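The values are calculated or read from the model by the stated rules, or taken from the named source; none is laboratory data. Nothing here was measured: the structure is a model prediction, and the numbers come from that model. Don't worry about glycine lacking a Cβ; one is built from the backbone with ideal geometry, like all the others, and counts go over all protein chains shown. Ligands, DNA and RNA are excluded from the accessible area calculation, which covers all protein heavy atoms including side chains. Shrake-Rupley method; radii C 1.70, N 1.55, O 1.52, S 1.80 Å.
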Amino acid sequence: MLPESSRESQIQRWPGLPVAKNDFFSVLSSIGNALLGFDRVRIPYRYKLSISIGLLSVLVTGGALFFFYNTIYDTVWTQMTRRLMDVAGTGRSLMTDQQKSELATLVLAIREKSNSDALQPSSLESIDAGDVAEGLSDTDVEAIEKRPEFLDLVRLLNQIKDGTKRDGKRLIRYAYFLTALPGRTDYHYLQFVADADYFAFDYNENGQIDEDETAADPGTIYNASDYAALHRAFESKSITADPVYTEDTWGIIISAYAPILDKDGNVIAILGLDMLADSEYNLVNQLFWLYIGIVFISVLLTVSAAYLLGGLLTRPVNLLRSGAERVRNRQFDTEIQIKTNDELEVLGDTFNAMTREIREFSSNLQKQNQAFFRFVPTEFVEILGKDNAVEINAGESNNVRMSVLFADIRSFTSISEEMTPSEVLDFVNSYLEVMEPVIHDQGGFVDKYLGDGIMALFINADNEPTSSNRSVDAAIAMQRELAGFNHFRIENGAIPIRTGMGIATGDVIIGTVGTQSRLDTTVLGHSVNLASRMESLTPSYGVSILITEETFTALDNPEKYCYREIDTVIAKGMKRPNLLYEIFDSDPEALKEIKLRTRPHLHRGILLYKVGQFAEAYAEFKAMYDLYPEDRVARIYLKRCKRLLESPPAGDWEGVMRLQRKG
């Protein structure tokens with residue numbers, strides 16, 4: 001288990017070297033002069049050119065082969081570890097709940113029978129890294145090995161190993177379960193729970209079971225202090241693997257570790273899989289010496305041919321150099337013309353083919369970036385302080401103050417029951433196509449499409465209205481656009497729809513969750529939950545837009561909106577009371593006018609309601625009801641006042657209602 005190494009190549013300029021008319025081989029000759037002192041001795045140009053090309057051959061061939069070697073080296077170990085991690089994940093998925101329970105039972109049994117002297121710090125520190133020591137007595141080992149759960153786990157481990165057979169041979173050399181020592185959280189010392197080799201298997205097919213083919217006894221203590229990936233498996237509760245090979249008493253191996261979790265998400269033990277990598281290690285080493293030989297032979301041949309071909313190489317290579325420079329400067333439409341009827345012409349054609357592939361790749365990459373931002377808004381990348389999506393990693397986040405808007409189609413289930421799945425999808429997409437531009441026009445962006453719902457975010461920005469203003473303006477505009485959408489539906493024989501919208505303002509955490517192979521964006525915070533609750537409460541009060549007190553107070557000029565106080569509630573799942581306001585600018589003019597006329601009665605009634613004067617409050621709500629009997633808010637308060645007059649509340653009454661359901 002070796003730390004990953006970083007490799008960085010640096011290109012340095014040679015100061016003070018003459019360049020004759022951009023002649024590439026004049027540059028090489030100058031390098032030779034600087035290295036070998038040819039600038040003080042007159043040497044024929046072709047000799048200097050030959051030696052310069054020889055030096056170039058060493059640099060180019062050696063560098064290229066070194067790059068290929070490292071690429072192959074990394075690829076070999078990366079592919080092997082990925083494959084091993086897949087096997088570990090598959091093996092973990094094979095475990096049933098009963099087997100996990102058996103594993104937990106076995107771990108407890110081993111801990112109860114472990115020799116306390118063997119678990120002392122002094123005894124543990126005497127174990128060399130990668131080595132083992134006995135943790136149980138022979139009697140206890142035999143007793144555990146006879147337990148049915150132990151045998152069941154050993155069969156499972158062998159089933160995992162059998163699943164990796166190729167040409168009749170197992171690719172997995174060792175399979176085992178390891179658990180942490182009780183009372184230790186550094187995971188430097190672990191105990192074996194079960195080993196697949198308990199069922200003897202002749203791996204090298206020599207007719208006998210060798211020492212390295214015997215199983216580790218249950219309870220055996222293992223010094224894993226050098227195995228960072230194994231520690232990470234315990235800590236992160238995710239599958240890990242050694243980045244490259246490791247060498248210990250059992251040979252050169254690569255390992256993968258899959259944590260086995262109980263129902264509460266706690267690590268019971270680690271499923272470890274080791275694959276012997278001696279043959280791959282030897283093959284990579286042989287490849288290294290083969291590359292050294294290739295470099296040496298290449299230099300000899302290049303220097304021998306340089307004298308004869310030097311003159312012919314100057315112009316084509318210079319063309320290649322200038323073409324490569326243009327490609328380096330992202331001029332991917334570069335093409336060069338070499339007509340020498342030899343390998344140099346092929347090289348030129350290959351160069352042109354390469355630039356075409358680069359051009360196509362660059363174009364595809366741009367398209368992929370555009371496609372990416374259809375799923376993750378550019379605003380999200382900007383909030384995380386990144387220049388592009390490539391820089392985003394799992395776990396990155398930022399604290400932001402914003403307004404969160406939830407919108408949802410009412411009675412969507414009953415509406416969709418009358419449609420085919422295809423019609424439902426067309427209906428939802430047509431609705432979202434109308435709503436999304438409105439959000440964008442008000443400076444917001446859609447974070448998620450929630451089936452028939454929308455979650456939109458509005459961030460405070462310089463020289464712009466507050467996020468509260470823009471979110472409320474967006475909600476009003478969305479309701480007005482919905483009216484046009486419904487007019488279109490009615491013309492086409494469909495029923496109109498209604499939507500509820502909730503808005504909350506506050507500090508949230510916006511970031512990414514997931515792994516390097518699968519990421520998703522998320523927004524967490526009290527305001528997110530509160531906005532969702534506001535939306536779910538809209539049908540209860542018979543309104544279209546509900547906002548929180550924090551959103552209302554953050555408005556630049558609340559009086560520019562048609563609003564009215566609705567209620568003070570503690571929504572289900574929350575502890576603090578929230579003052580709710582309705583925004584009804586998007587209501588039809590007649591309805592808006594009647595709400596404005598009844599608003600004084602509503603506000604006076606709510607004030608009296610909160611101070612416990614229920615009879616007086618009832619009178620205000622009754623006057624409101626007489627003006628507008630269809631107002632559900634008036635009916636709600638009339639029922640409450642009547643109930644409270646019949647059964648007065650306790651002395652700590654503050655007019656706050658605790659809701660027992662979300663909507």
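Observations on the model:
- When residues of the stretch 567-615 are limited to those that are of a type in the set (G, A, S) and under 22 Å from L555 (Cβ atoms), the one modelled with the highest pLDDT: S586
- Selection status of L156, over 38 Å from the mean Cα position of the chain (by Cα), closer than 18 Å to L178 by Cβ and touching a residue at least 40 places away in the same chain (Cβ under 8 Å): no
This table checks each residue for (1) crowded, with 20+ Cβ neighbours inside 10 Å; (2) in contact (Cβ under 8 Å) with a residue 24 or more places away in the chain; (3) within 30 Å of I239 (Cβ to Cβ).
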| residue | (1), (2), (3) |
| --- | --- |
| T512 | no, yes, yes |
| S544 | yes, yes, no |
| K560 | no, no, no |
| R599 | no, yes, no |
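- For G655: the one exception among (1) touching an Asp or Glu at 6+ places or on another chain (Cβ under 7 Å); (2) part of a loop (DSSP other than H, G, I, E, B); (3) of a type outside the set (V, I, T): (1)
- If you go through the stretch 124-157 and pick out every residue that is in contact with a strand residue (DSSP E or B) (Cβ under 7 Å, 6 or more places away or on another chain) and surrounded by 15 or more Cβ atoms within 10 Å (Cβ to Cβ), you end up with 10.
- Among the candidates Y291, Y227, residue that is open to solvent by less than 40 Å² (accessible area, probe 1.4 Å) and either touching a Leu at 6+ places or on another chain (Cβ under 6 Å) or without any contact (Cβ under 8 Å) to a residue 12 or more places away in the chain (or both): Y291
One line per residue, one yes/no per condition, for (1) part of a strand (DSSP E or B); (2) at pLDDT 75 or above; (3) surrounded by 15 or more Cβ atoms within 10 Å (Cβ to Cβ):
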{"site": "E247", "(1), (2), (3)": "yes, no, no"}
{"site": "P259", "(1), (2), (3)": "yes, yes, yes"}
{"site": "G265", "(1), (2), (3)": "no, yes, no"}
{"site": "I270", "(1), (2), (3)": "yes, yes, yes"}
{"site": "D274", "(1), (2), (3)": "yes, yes, yes"}
{"site": "N285", "(1), (2), (3)": "no, yes, no"}
{"site": "A305", "(1), (2), (3)": "no, no, no"}
{"site": "G311", "(1), (2), (3)": "no, no, no"}
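- Tally, over the stretch 517-573, of residues that are among the small types (G, A, S) and under 26 Å from the mean Cα position of the chain (by Cα): 5
- Scanning the stretch 175-183 turns up at least one residue that is among the polar types (S, T, N, Q), in a strand (DSSP E or B) and open to solvent by less than 20 Å² (accessible area, probe 1.4 Å).
- Note on the stretch 108-118: residues that are over 30 Å from D97 (Cβ atoms) and open to solvent by 30 Å² or more (accessible area, probe 1.4 Å) total 3.
- In this structure, E654 does not satisfy being surrounded by 14 or more Cβ atoms within 10 Å (Cβ to Cβ) and either at pLDDT 95 or above or closer than 28 Å to M501 by Cβ (or both).
- Filtered residue count, the stretch 495-510, keeping only those that are in contact (Cβ under 8 Å) with a residue 12 or more places away in the chain and open to solvent by 30 Å² or more (accessible area, probe 1.4 Å): 4
- The set of residues in the stretch 106-128 being touching an Asp or Glu at 6+ places or on another chain (Cβ under 6 Å) and at pLDDT 90 or above consists of L106 alone.
- Restricting the stretch 64-107 to residues that are touching a Ser or Thr at 6+ places or on another chain (Cβ under 8 Å) and over 16 Å from L261 (Cβ atoms), the residue that is surrounded by the fewest Cβ atoms within 10 Å (Cβ to Cβ): M85
- Only one of the listed residues (A477, A456, A461) is touching a helix residue (DSSP H, G or I) at 6+ places or on another chain (Cβ under 9 Å) and either among the basic types (K, R) or modelled with pLDDT under 90 (or both). That residue is A461.
- A count restricted to the stretch 615-642 and to residues that are surrounded by fewer than 18 Cβ atoms within 10 Å (Cβ to Cβ) and under 15 Å from V543 (Cα atoms) stands at 6.
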